[in-house]
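First the structure, in the form of structure tokens, and then the observations on it.
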Amino acid sequence: MVKRLNNKGMTAIEILITFAIVVVIVVSMYNGIADLKAKETVSSYKLSLVTYKNLLTKDIQDDIIKNGLTAATIDTLEQSGKPVGYRVTLTLRDGTRRILEVKQIFGCAAVDSSEVADLCTSRGIDANQSDEFTISYGPEGELTDYPLPDLGHEELESFDGSGTKRIIYSLQISEVKVSVADSIFSIDIVLSHPDLDARHSINIVSPINYY
Amino acid sequence: MKKNNKGFVLVETLVVTVFVMAIFSVIYINFYPLAGEYERREFYDDVDSKYNTYWIKTFIQGSSYDFYKSGGPADTISSNKYVVFKCDDLTSPEDLTFCKNMWSRMEVKQAIITDYNLTDFKNVLQNNNTVANSLGNMFTAYIEYLPFYSYSSLNGAQYRVLVEFERHMNSDRNSEVYNTYSTMEILRP
């Protein structure tokens, strides 16, 4: 017996309809996948930031809670005669000292020379200045740097023609608030990123001389 | 025997496609809220709240908080399953001032003390809307998220403090606020 094969192919209309269905499904999924991709990027930023914050907070709080804080003094950090941050000296009950330095130097974010006056000069920022945000902590004379995680940056040509680059980071220390009023030491370091809200600040509060 | 050589007709294909899309839609609708829930939990027991709760715990465990006085916190917890902690309950003027200043600086909204085991308190929240409403939806959701702590504390703790913080986005007190939550066990011999 000769087996008869089904030699019927698909008609053009069937292929067109199938193609149209596939296109509709792919288009409807595209936005969803793009959203997921954006969320994944933001999640990775958050993870880096939370890990950084937890590490720094734990190192400082461990010293304060285990040893007890007896005094805290705040000095202004200066660079070329300009205030650029804070230097906090924490004296612990065992007589040792810990230093916390927070440096906040904003770079010039101007892309071309027409923006320099508005974005940089009017705010007292040198046209060739890069961002510099650093936090250092440790025993006096043995400070450890805690570099902010690099969550994206821009490299801009400097305006002095030297060919060097200005670096503007996406993650910035936007505000530092430090106080020892009412015998309570508190520091709030607000970290800002264009894709994250300001809820990722580093916040440390401790009573002074309270056991 | 004649073999059935018919393929799927277009209507059959369309019906299956619609059916599969409906299944995907149901899955998406059910899983999407979980993403929001996950984001909300970022503010449960974060490192700042945990360390700040440590200081509230220190005040509660201190000698100027008369825990076992007649009609005091221990009795209230025994009857109501929780008690609201306030700095005004501290007897030492020095502790009272410290507590109030810390409370303000740490941006504490409310703090309550419950039994270490949360089973009874969770039942109260489920059955008594007045208590749940007084604590607020967000705080209640945090407590419901917490485990029951059915097994005894390894440290011998009998009580637990639950704290809600209302933090500002920046140093401007008019800036947007967000809430964080934390819990710690309490040792009261």
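Using modelled backbone amide H atoms (1.01 Å from N, in-plane), which distant-in-sequence or interchain residues come within less than 5 Å of A:H153's amide H?
Excluding prolines and chain starts, which carry no amide H, the hits are A:S170.
Going by a ≥ b ≥ c, the root eigenvalues of the Cα gyration tensor, does segment A:139-191 fall in the rounded group (a/c under 1.5), the prolate group (a/b larger than b/c) or the oblate group? Mind dumping the intermediate values first?
On the way: a/c = 2.78, a/b = 2.18, b/c = 1.28.
In terms of gyration-tensor shape, prolate.
Using the Cα atoms of segment B:45-186 to build a convex hull, what is its mean projected area in square nanometres? Display every interim value, and only then the final one.
Numbers: hull surface 35.9 nm².
Over every viewing direction, the Cα hull of segment B:45-186 projects on average to 9.0 nm².
I need the helices of chain B that pass two filters: whole DSSP H segments spanning 15 Å or more by Cα along the axis, and mean Kyte-Doolittle score no lower than -1.0. Please report the intermediate quantities before stating the final value.
Numbers: long enough: B:10-40 (46 Å, 1.21); B:47-61 (21 Å, -0.53); B:93-105 (18 Å, -0.92).
Result, helices passing both filters: B:10-40, B:47-61, B:93-105.
Give me B:W103, B:W55 ranked fewest to most by other Cβ atoms within 10 Å of their Cβ, as a rough exposure proxy. Before the final figure, lay out the partial values.
Values: B:W103 19, B:W55 23.
If I rank by nearby Cβ atoms, fewest first, I get B:W103, B:W55.
Rounded to the nearest whole Å³, what is the per residue volume of the convex hull around the Cα atoms of segment A:44-154? Could the numbers behind the result be given before it?
Values: hull volume 13.0 nm³, N = 111.
Cα convex hull per residue, to the nearest whole number: 117 Å³.
Got the relative contact order for chain B handy, in percent, Cα pairs under 8 Å and 6 or more residues apart?
On the way: 212 pairs, mean separation 45.7, N = 189.
Once normalised by length, the contact order is 24 percent.
Could you give each residue of segment A:10-18 its phi-based ³J(HN,Hα) in whole Hz, using Karplus coefficients 6.51, -1.76, 1.60 with θ = phi - 60°, and x for Gly or Pro?
7, 7, 4, 5, 5, 5, 5, 5, 4
If we count other beta carbons within 10 Å of each Cβ, what is the order of A:F106, A:F159, fewest first?
Numbers: A:F106 20, A:F159 16.
Least crowded to most crowded, the residues run A:F159, A:F106.
Which residue, A:I13, A:G95, A:L36, has the largest displacement toward the positive end of the dipole of segment A:1-111 when charges sit on each Cβ (Lys, Arg +1; Asp, Glu -1)?
Toward the positive end, the furthest listed residue is A:I13.
Viscosity 1.306 mPa s, temperature 10 °C: give me the Stokes-Einstein translational D for the protein assembly as shown in µm²/s, with Rh taken as the Kirkwood radius over C-alpha pairs.
61 µm²/s
Once you list every other residue whose beta carbon is under 9 Å from the beta carbon of B:I186, what net charge do they have if Lys and Arg are +1 and Asp and Glu are -1?
Details: positive: B:K57, B:R160, B:R188; negative: B:E185.
Value of the local net charge: +2.
How far is the Cα center of segment B:103-146 from the Cα center of segment A:119-174, in Å?
44 Å
If we count other beta carbons within 10 Å of each Cβ, what is the order of B:M102, B:M184, B:M169, fewest first? Before the final figure, lay out each step's value.
On the way: B:M102 24, B:M184 19, B:M169 15.
Lowest count first: B:M169, B:M184, B:M102.
What list of ³J(HN,Hα) values in whole Hz, one per residue of segment A:200-209 in order, does the Karplus curve 6.51 cos²θ - 1.76 cosθ + 1.60 (θ = phi - 60°) give from phi, with Gly and Pro shown as x?
9, 6, 9, 10, 10, 10, 8, x, 9, 6
I need the phi-derived Karplus couplings for segment A:35-45: 6.51 cos²θ - 1.76 cosθ + 1.60, θ = phi - 60°, integer Hz, Gly and Pro marked x.
4, 4, 4, 5, 5, 5, 5, 5, 4, 5, 4
Just tell me how shielded B:47-57 is by partners: mean number of partner chain Cβ atoms within 10 Å of each residue's Cβ, no decimals.
Values: counts 11, 10, 1, 4, 11, 5, 0, 3, 6, 0, 0.
Shielding by partners across B:47-57 averages 5.
Taking amide hydrogens as modeled 1.01 Å from N in the peptide plane, which residues meet the under 5 Å criterion relative to A:V84, leaving out close sequence neighbours?
For A:V84, the qualifying residues are A:L77, A:E78, A:Q79.
For A:T70, list long-range residues whose amide hydrogen, built 1.01 Å from N in the peptide plane, is under 5 Å from its own amide hydrogen.
Residues meeting the amide H criterion: A:T91, A:L92, A:R93, A:N209.
With an 8 Å Cα cut-off and a minimum separation of 6 or more residues, compute the relative contact order for segment A:1-136 in percent. Don't skip to the answer; put the middle values down first.
On the way: 132 pairs, mean separation 18.3, N = 136.
Dividing the mean separation by the residue count of segment A:1-136 yields 13 percent.
Rounded to two decimals, what is the ratio between the C-alpha radius of gyration of segment A:15-207 and 2.2 N^0.38 Å?
On the way: Rg = 22.3 Å, N = 193, 2.2 N^0.38 = 16.3 Å.
Ratio of Cα Rg to 2.2 N^0.38 Å: 1.37.
Determine the dipole magnitude for the protein assembly as shown: charges of +1 sit on the beta-carbon of Lys and Arg, -1 on that of Asp and Glu, nothing else is charged, the reference point is the Cα centre, and the result goes in debye to the nearest 20. Walk me through the intermediate numbers first.
On the way: 38 positive and 51 negative charges, 447 e Å.
For this selection, approximately 2140 debye.
Laboratory data are not the source of any read-out in this text; all were calculated from the coordinates shown. Since we're looking at a predicted model, the values are computed, not measured. Reconstructed Cβ throughout: ideal geometry from the backbone, glycine too, with neighbour counts over all protein chains shown.
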